[in-house]
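Worksheet: the structure to be examined is printed underneath.
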Amino acid sequence: MKIKWLRIDSRLIHGQVANNWVNHVGASTIIAANDSAAKDDLRKTLLLQVAPGRTKSYVMSVDKTARCYKNPAYENLDVLLVVENPTDVLRLIDQGVEVNSVNVGGITFKEGMTLISEAVSVSPQDVKSFVELDKRGVKLVLQQLPNTASSDFMSRLKSKGLI
């Protein structure tokens with residue numbers, strides 16, 4: 001499996017991912033790696049319905065995604081991989097998935113989180129995971145859409161006084 005783009009987006013598969021990022025990165029497959037969505041048949045069905053018809057789409061657990069990544073049967077897949085949070089990126093890396101760069105595109109605000117941009121909020125756990133990803137040399141880029149400006153995510157965390 002060739003990961004063309006790895007995006008953190010709490011909505012997983014939706015219009016921005018399905019219509020903008022897939023075309024921008026040239027992926028033929030979308031994988032939403034999320035444990036709760038993989039177990040929820042209704043949510044899984046809704047997520048798969050949003051994906052463009054020309055693109056293969058899957059919703060699977062983080063562990064299953066890591067197994068597929070290592071399976072030679074899938075080595076020719078060009079994948080846009082979407083996860084809900086940075087902790088899931090760490091889980092993928094810990095299971096042998098090679099990750100060099102992550103697009104931080106959308107994390108929905110909930111109580112106890114800090115707003116980083118109009119589309120990204122972080123919890124204290126998220127901050128810990130982002131710091132660990134940075135220590136491991138993963139480039140973290142804040143960018144909502146392909147045609148919007150990108151910025152260094154860790155610099156944004158620093159400017160907000162979170163690290």
Evaluated over the range 79-162, the Cα radius of gyration and Dmax, each in Å: 12.2, 34
Rounded to the nearest 20 Debye, what is the dipole magnitude of the range 2-159 about its Cα centre when Lys and Arg each give +1 and Asp and Glu each give -1 at the C-beta? 240 debye
Provide Val120, Val25 ordered by accessible surface of protein heavy atoms (probe 1.4 Å), highest first. Val25, Val120
Per principal axis, descending, Cα span of the chain in whole Å: 44, 30, 29
Give the aspartates and glutamates reachable from Lys39 as a straight Cα distance under 17 Å; neighbours fewer than 8 places away on the same chain don't count. Asp63, Glu84, Asp88
At a Cα cut-off below 22 Å, give the lysines reachable from Lys160, other chains included and same-chain residues fewer than 8 away excluded. Lys110, Lys128, Lys135, Lys139
Report the accessible area of Ser129, computed with a 1.4 Å probe over the heavy atoms of all protein chains in place, in Å² rounded to the nearest 10. 0 Å²
If one computes P(r) from the Cα atoms of the range 1-71, what percent of pairs lie at distances over 19 Å? 27 percent
If the cut-off is a Cα-Cα distance under 16 Å, which lysines reach Lys44, setting aside same-chain residues fewer than 8 apart in sequence? Lys56, Lys64
From the residues Ile8, Cys68, Asn85, which one has its Cα farthest along the dipole of the chain in the positive direction, the dipole being from +1 and -1 charges on Cβ of Lys/Arg and Asp/Glu about the Cα centre? Cys68
Taking θ = phi - 60°, what integer Hz values does the Karplus form 6.51 cos²θ - 1.76 cosθ + 1.60 yield along the range 50-59, in sequence order, with x for Gly and Pro? 6, 5, x, x, 7, 10, 6, 9, 9, 10
Determine, from the Cβ-Cβ distance of Leu42 and Gln125 and an R0 of 22 Å, the FRET efficiency 1/(1 + (r/R0)^6), rounded to the nearest 0.05. 0.25
Gain upon complete extension [Asn147, Thr55; 0.36 nm per residue less C-alpha separation]: 31.0 nm
Cα centroids of the range 44-75 and the range 86-145: how far apart, whole angstrom? 20 Å
Taking +1 at the Cβ of each Lys and Arg and -1 at the Cβ of each Asp and Glu, which of Ala27, Ala38, Met113 sits farthest along the dipole of the range 2-159 towards its positive end, judged by Cα position relative to the Cα centre? Ala27
Mark the label point 7 Å from the Cα of His14 along Cα→Cβ and return the residues of the range 75-111 whose backbone N is within less than 11 Å of it. 106-109
Helix-only mean residue ellipticity at 222 nm, the chain, DSSP H runs n ≥ 4 weighted -39,500 (n - 2.57), per residue, nearest 500. What is it? -9000 deg cm²/dmol
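The values are calculated or read from the model by the stated rules, or taken from the named source; none is laboratory data. Treat the numbers as computed from the prediction; the structure is a model and nothing was measured. All Cβ positions, glycine included, derive from the backbone under ideal geometry; neighbour counts span all protein chains shown. The area values use the complete protein model at the heavy-atom level, side chains included, leaving out ligands, DNA and RNA. Shrake-Rupley method; radii C 1.70, N 1.55, O 1.52, S 1.80 Å.
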